[in-house]
């Protein structure tokens, strides 16, 4: 699926984006919402559809140096049309290169600062020694519709968890198709489940303006959304990185980080806006304030190569993406969801310490002192005021270790779940 | 008193325990509560009375290697009866030794995992080279009553502080008779006092099941119990160790630690379940949640010899117990109680700073800068929102230093006590 | 002005004090409140007026060693009258010297411990070898009035900020005339302003008893006083020192420290009672609890010369005072006030992130990543729950940087101010 979609010129409102979304919609029951150009959404306006018919750079004697047909990244996304002969100096002002990889074409977008622009490898740019060049950029801006794919997985309540990926990075694989694929696989799995506590909504959209459009048109949903998770860059060969919500200490922050720590020893976490920025910015923002985390596999900000060397370039292709990593990330997201679903508040039906021997809970201190201590640290906190995740966090134990004890208590009638 | 009681086989429900409790009841007005075998208490059941009529281990040619008559620790407390010839291999599965001291007989109890068992020194066990041995354990399990001794010292209110020790460690001195003796001396002293703010209840009971039985039968008392202190292992030549309550920050935690720091420079404190575990576990537990501290003289958990080398062994005899330490600990508990009793909330009847010179409160900054500063740090906080202990803690001063200033303010009418 | 006032014997209730206050009252519209000797104020009593007619120390052969005429510091402020011949030993008990500077006469006051006393340089004292000396101290205690000068600068609300300096340190310049001068200049500037949110009251008073008298007579004002700032020792060549209020975390603590950090890189802050003690003690105290900070230029308490070498001595003269420092401190106080006045709570009228490009707010991440990040850290927190100062503090940005963004949001209608 990545192989068939990655190369499409999926600009935010474009035929390429629409084609990709329709293709994804064959995989899972999906509603596609359309919001027309010019619609006011929150403080934003839906932009025009952008089409690039043809574009190239030529020497004055007609040698073609680069073309849109060869790679859509050669044209700045949402570039103004332009045709003419320009001096080398003028050309270089409009010719973007990648900051790290001399051979890569960068991904550049100018959605709102209108200008014309081309992109090339630094190698190519450095070879430009002529005085003048011919530029042809045949783009047009037209009325269109921004499209959002939404998969709804109903649960026992309408308290909702949102999963989200964006699809608008043309001709790149890891950023952003891998997030879409993982999200889709997770949605497929959740659709097969029964008895989910929460309703899940998986959104595929163009970055930023897509989230804005969705939030603008669904104000009734906002109070029901408990939180969300943005997915992206999950094909890389790096550990998982979980970026916390703006609040940083919500139930989702707790459950997702407990789940992650258990599955990926090298995984790390970071505060909001310190790992990588995507649509979680709109959900976490003022007036919305939905706790929204993000999961990726980027390098930490301390790394000189962060988020990853091939970021926003023509080198971000399927070669970077490992199927095993996508499967691991799918499992990671499902475990995060399982943890959240299971994060109930156990209420003691015992007082003091329960008679462990009588109920088969006894762990002998002499043969297993750590197990014994953990058991009692957990039992101390089964008091109707703490969720399983909060107990795990307070005791520095895994979610599963606490859940196992709580399940034993439930089985023998020594506890019940709140609500 | 230790000399006359330590050697008794004081198993949790047993003739030895009853004899010891009756003997203690001659020292102080005590009510003895009895709870019969089979009574459901919280999630527990009162066990049967256990009697060991005779027990020994012999070689096949009739050489007696150990016997209950010689030392009751040779038989696992609540051992099943057993008579027969066993192989060396089978015997060793049932023959317990002390983990640290090769010459000591360990104290082993199996109240709820029913099995037969003997205890011996490692030296003896290592000398067993025959193929077979004869075992005789003549114990029986019968209907009996768990007994709790309770001394009530009424105060001006029925808000109650509980002191507690257990009495059920057979043939040992430091653990647990020293706690009983200190508690009894404290109770005797409190009985001679007038005008106590709180009511005190001193409980002598078998560990764990005794507390469970008491809590089960006194649900009306639980809301009146402000907190408590468990006492044990107070004859040792180590500094005092105060284990905080589950909450860790209650008025008792504050007052008892302030009192202790003042009296014993080397004393130390530890969180709940990190110093030593006893009946405070039941009081602190879910559904009860009475802040219950414990005072002992154990070694810190970082010590390889913790809680102390002779713990749970035949070496825990009166030689380990110093009368001076018991007297110091009695004084320590009384000072803790005095501190709690005196921990009132002073309310300022002055505004700004009081006119210290006028009221004889002046401390000259030039001759006593620290005294001057302490005075004003205290005065700043005499505002009706902080107890004396809280002021002491905020100013890093002793409880007595703050109380002295508060008493001066009261004397000249510059403050009054809340309520 | 310092030159004309510093040398006056401005004892707390005295002709010198009155003369200085009247002189200051010519500079600005000022109300002078008078509180007569013997008035009970809070827990205090207004003392008598003190006048020193003549005082000197002579050798038995009539050689005058020191005299009040020569320097009023030679007599302990509020010294009892005394005339007679005393032994050298007796004299030394009543003859005070400066602890650090051998050549300086100390400033000593005994307002409430009544005694007679003289002050001299250590050099002079060490030269006293005769057996007997003649002492003449002709002082009298009479009915008078404690005087407080008050400048009121009305604002849009009667929520009030108090500025305060004391004027009662005789024949010294830095402590306390510099605070008075800075306060007066600030009051003059504020009087020229329009549209102040808060009402300002600038108080000139004798230390401690002046504040007590003011608070006693203005109980109706206390609930309206949001906070205050004491000013003193501002002519020194050291960085500014801001002492926090008792609470330490009020809006004034926040705004004043943000303002200070921006203007004086070497400025430092300290908790209440750790920098220098003055009238803020009375305002912060129990029963009043007005958050009252102080601004000075003393050395930190870790310095062996703290608060400054010439403190409370005849060496504290106009040579120590730099006009430039006074002007800088005036600017500092005004900036603190501006910051407090501007510390409004912005409320977002956008949701998620605003469409920055549309509103001219865009900061390009590629060319200015720090500016971009700061912008969004600010925008995240414009949610009606945080003041500008709180946002600055949370983002580790200057108050001005945050205010600039908030002003931009206000200008384009993306935010409004609370209330």
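The values are calculated or read from the model by the stated rules, or taken from the named source; none is laboratory data. Not measured: the values here are computed from a predicted model. Cβ: placed from backbone, ideal geometry, glycine included. Neighbour counts: every protein chain shown.
For the condition part of a loop (DSSP other than H, G, I, E, B) and away from every other protein chain (no Cβ under 14 Å), residue C:260 does not qualify.
Using the structure shown, decide if residue B:372 is surrounded by fewer than 19 Cβ atoms within 10 Å (Cβ to Cβ) and under 23 Å from residue C:210 (Cβ atoms). Yes: the conditions hold for residue B:372.
Which residues, counting only those in segment C:131-153, are under 21 Å from the mean Cα position of the chain (by Cα) and more than 29 Å from residue C:307 (Cβ to Cβ)? Listed by number, the residues that qualify are C:152, C:153. Looking only at residues in segment A:298-313 that are touching a residue at least 60 places away in the same chain (Cβ under 8 Å) and touching a strand residue (DSSP E or B) at 6+ places or on another chain (Cβ under 9 Å), the one that is nearest to residue A:120 (Cα to Cα) is A:313. Take the conditions surrounded by fewer than 22 Cβ atoms within 10 Å (Cβ to Cβ), part of a loop (DSSP other than H, G, I, E, B), within 14 Å of another protein chain (Cβ to nearest Cβ) and at pLDDT below 95 and apply them to residue C:362. Does it pass? Criteria met by residue C:362. Can you find even one residue in segment A:403-414 that is at pLDDT 95 or above, within 14 Å of chain B (Cβ to nearest Cβ), outside any helix (DSSP H, G or I) and touching a strand residue (DSSP E or B) at 6+ places or on another chain (Cβ under 8 Å)? Yes, that holds for at least one residue. The single condition among (1) farther than 30 Å from residue A:110 by Cα; (2) assigned to a loop (DSSP other than H, G, I, E, B) that residue A:190 does not meet is (2).
Residue A:237 meets all of the listed conditions (1) within 30 Å of residue A:7 (Cα to Cα); (2) surrounded by fewer than 24 Cβ atoms within 10 Å (Cβ to Cβ); (3) within 14 Å of chain C (Cβ to nearest Cβ) but one, namely (3). Within segment A:240-257, the residues that satisfy the criterion of being surrounded by 19 or more Cβ atoms within 10 Å (Cβ to Cβ) and either in a loop (DSSP other than H, G, I, E, B) or at pLDDT below 95 (or both) are A:240, A:244, A:245, A:246. Within segment C:165-180, the residues that satisfy the criterion of being assigned to a loop (DSSP other than H, G, I, E, B) and in contact with a strand residue (DSSP E or B) (Cβ under 7 Å, 6 or more places away or on another chain) are C:167, C:170.
Residue selection: residue C:411 fails the criterion of being touching a residue at least 12 places away in the same chain (Cβ under 8 Å) and either closer than 22 Å to residue C:197 by Cα or within 33 Å of the chain's Cα centre (by Cα) (or both).
Residues checked against (1) closer than 30 Å to residue C:346 by Cβ; (2) within 8 Å of another protein chain (Cβ to nearest Cβ); (3) buried (at least 20 other Cβ atoms within 10 Å of the Cβ):
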| position | (1), (2), (3) |
| --- | --- |
| A:282 | yes, yes, yes |
| A:285 | yes, yes, yes |
| A:294 | yes, no, yes |
| A:336 | no, no, yes |
| A:350 | no, yes, yes |
| A:368 | no, no, no |
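Table: residues versus (1) in a loop (DSSP other than H, G, I, E, B); (2) over 14 Å from the mean Cα position of the chain (by Cα); (3) at pLDDT 95 or above.
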| site | (1), (2), (3) |
| --- | --- |
| B:203 | no, no, yes |
| B:211 | no, no, yes |
| B:220 | yes, yes, yes |
| B:223 | no, yes, yes |
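Every test in (1) more than 30 Å from residue C:304 (Cα to Cα); (2) at pLDDT 95 or above; (3) in contact with a helix residue (DSSP H, G or I) (Cβ under 7 Å, 6 or more places away or on another chain) is passed by residue C:1 save one, and that test is (2). In segment A:190-201, of all residues being free of Cβ contacts under 8 Å to residues at least 60 places away in the same chain and surrounded by 20 or more Cβ atoms within 10 Å (Cβ to Cβ), the one that is nearest to the other protein chains (Cβ to nearest Cβ) corresponds to A:201. In the set (1) more than 17 Å from residue B:109 (Cβ to Cβ); (2) assigned to a helix (DSSP H, G or I), residue B:161 fails one condition alone, (2).
Within segment B:28-49, restricting attention to residues that are assigned to a loop (DSSP other than H, G, I, E, B) and in contact with a helix residue (DSSP H, G or I) (Cβ under 6 Å, 6 or more places away or on another chain), the residue that is farthest from residue B:145 (Cα to Cα) is B:28.
Going by what's in this entry, would residue B:379 be described as in a helix (DSSP H, G or I) and within 20 Å of the chain's Cα centre (by Cα)? Answer is no for this residue. Going through (1) away from chain B (no Cβ under 11 Å); (2) closer than 29 Å to residue B:110 by Cα one by one, residue A:388 falls short only on (2).
Restricting to segment C:211-229, what's the tally of residues that are crowded, with 17+ Cβ neighbours inside 10 Å and within 14 Å of residue C:288 (Cβ to Cβ)? Residues meeting the conditions: 10. If we keep just the residues of segment C:338-348 that are in a loop (DSSP other than H, G, I, E, B) and more than 13 Å from residue C:256 (Cα to Cα), which is farthest from the other protein chains (Cβ to nearest Cβ)? So the residue we want is C:344. Give the number of residues within segment C:263-289 that are in a loop (DSSP other than H, G, I, E, B) and within 15 Å of the chain's Cα centre (by Cα). Final tally of qualifying residues: 8.
Applying a threshold of 6 Å to beta carbon distances and a minimum spacing of six or more residues, or different chains, the list of pairs starting in segment A:106-126 at a residue that is more than 20 Å from residue A:69 (Cα to Cα) and ending at one that is modelled with pLDDT under 95 and assigned to a helix (DSSP H, G or I) reads A:112/C:357. The single condition among (1) without any contact (Cβ under 8 Å) to a residue 40 or more places away in the chain; (2) within 30 Å of the chain's Cα centre (by Cα) that residue B:369 does not meet is (2). No other residue among C:128, C:65, C:92 is more than 33 Å from the chain's Cα centre (by Cα), more than 25 Å from residue C:20 (Cα to Cα), in a strand (DSSP E or B) and modelled with pLDDT of 95 or more apart from C:65.
Here is a yes/no grid of residues against (1) in contact with a strand residue (DSSP E or B) (Cβ under 6 Å, 6 or more places away or on another chain); (2) buried (at least 24 other Cβ atoms within 10 Å of the Cβ); (3) at pLDDT below 95:
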| position | (1), (2), (3) |
| --- | --- |
| C:108 | yes, no, no |
| C:114 | no, no, yes |
| C:124 | no, no, no |
| C:143 | no, no, no |
| C:155 | yes, no, no |
| C:160 | yes, no, no |
| C:163 | yes, yes, no |
| C:182 | yes, yes, no |
| C:186 | no, yes, no |
